[in-house]
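Asks: Supplied in structure tokens, the structure appears directly below.
Derivation of every value follows stated rules applied to the coordinates shown; laboratory data play no part. Not measured: the values here are computed from a predicted model. Every residue, glycine among them, receives a Cβ derived from its backbone with ideal geometry; neighbour counts consider all protein chains shown.
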Amino acid sequence: GDAIVLKFHMYPELNDTAVVDIDTTMELPLIGRLNVKKFEVDNLRDTLYTLYSQYLKSPTFTVTLLYKVSVFGEVMRPGLYYVSPSDRVWEVIARAGGPTKRGNIKKLKIRRKGEILNINTWKAVTEGKLLKELGVESGDVFEVPKKFWPTLDEIYKAATTIAVIYTIYKDLSSQ
């Protein structure tokens, strides 16, 4: 599931990344298990402040929501990644190792439940748009398609193969 990053200013030993389990609970330092289904981030911050105040004097901390997205297609390390709403589109692709030589980042697609979202992703990449500005949600899929045209390396390999075949054919036909 999703996760939160909890960073304490005065108590770094309590810093944690807590994953929301399937039953909508998470395990937190000192507090234990907490059901977070009903909370928005701001409400969660207030509740955590109240709970941590029982153990710490004036706790100061930040709470950052993380959610899972999939990145696949022509990227170096396809897979599931935790992202923050304040991440940029290019940071998500960079987490997956960046595009391969064949990856067409200009044609990046973001899907939700199988449907392609109507987002100008290339503009989002070049303008450094935040995921929250684009409405990206947990479970969304980033797909980097292949470039239509072959790379120079692929053209070179094909030309070399054709030249070798031609040379062999020419040698065999002249005998």
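Asks: Does the stretch 119-139 hold any residues that are more than 14 Å from residue 71 (Cα to Cα), assigned to a loop (DSSP other than H, G, I, E, B) and not charged (D, E, K, R), and which are they?
Replies: 119, 120, 128, 135
Asks: Across the stretch 9-56, which residue is farthest from residue 68 (Cα to Cα) among those that are out of contact with any strand residue (DSSP E or B) (no Cβ under 7 Å at 6 or more places or on another chain) and of a type in the set (A, V, I, L, M, F, W, C)?
Replies: Filtering the stretch 9-56 for residues out of contact with any strand residue (DSSP E or B) (no Cβ under 7 Å at 6 or more places or on another chain) gives 10-13, 21-23, 30-32, 37-40, 42-43, 46-47, 49-56.
Narrowing further to those that are of a type in the set (A, V, I, L, M, F, W, C): 10, 22, 30-31, 39, 51, 56.
Working: 10: 29, 22: 13, 30: 26, 31: 24, 39: 18, 51: 27, 56: 31 Å.
Result: 56.
Asks: Can you pull out the residues in the stretch 67-118 that are assigned to a strand (DSSP E or B), surrounded by fewer than 19 Cβ atoms within 10 Å (Cβ to Cβ) and β-branched (Val, Ile, Thr)?
Replies: 116
Asks: Picking from 67, 55, which residue would you name as being touching a Phe, Trp or Tyr at 6+ places or on another chain (Cβ under 8 Å), under 28 Å from residue 13 (Cα atoms) and not aliphatic (A, V, I, L, M)? Write out each step before concluding.
Replies: Details: 55 fails: touching a Phe, Trp or Tyr at 6+ places or on another chain (Cβ under 8 Å).
Result: 67 is the single residue among 67, 55 that is touching a Phe, Trp or Tyr at 6+ places or on another chain (Cβ under 8 Å), under 28 Å from residue 13 (Cα atoms) and not aliphatic (A, V, I, L, M).
Asks: Considering the stretch 141-154 alone, what residues qualify as being among the charged types (D, E, K, R) and within 19 Å of residue 97 (Cβ to Cβ)? Walk me through how you get there before you give the answer.
Replies: Taking the stretch 141-154 and keeping what is among the charged types (D, E, K, R), we get 143, 146-147, 153-154.
Matches in the stretch 141-154: 143, 146, 147, 153.
Asks: Next up: Sort through 32, 73, 97 and tell me the only one that's in contact (Cβ under 8 Å) with a residue 40 or more places away in the chain and at positive phi.
Replies: Values: 32 fails: in contact (Cβ under 8 Å) with a residue 40 or more places away in the chain; 97 fails: in contact (Cβ under 8 Å) with a residue 40 or more places away in the chain.
Going through 32, 73, 97 in turn, the sole match is 73.
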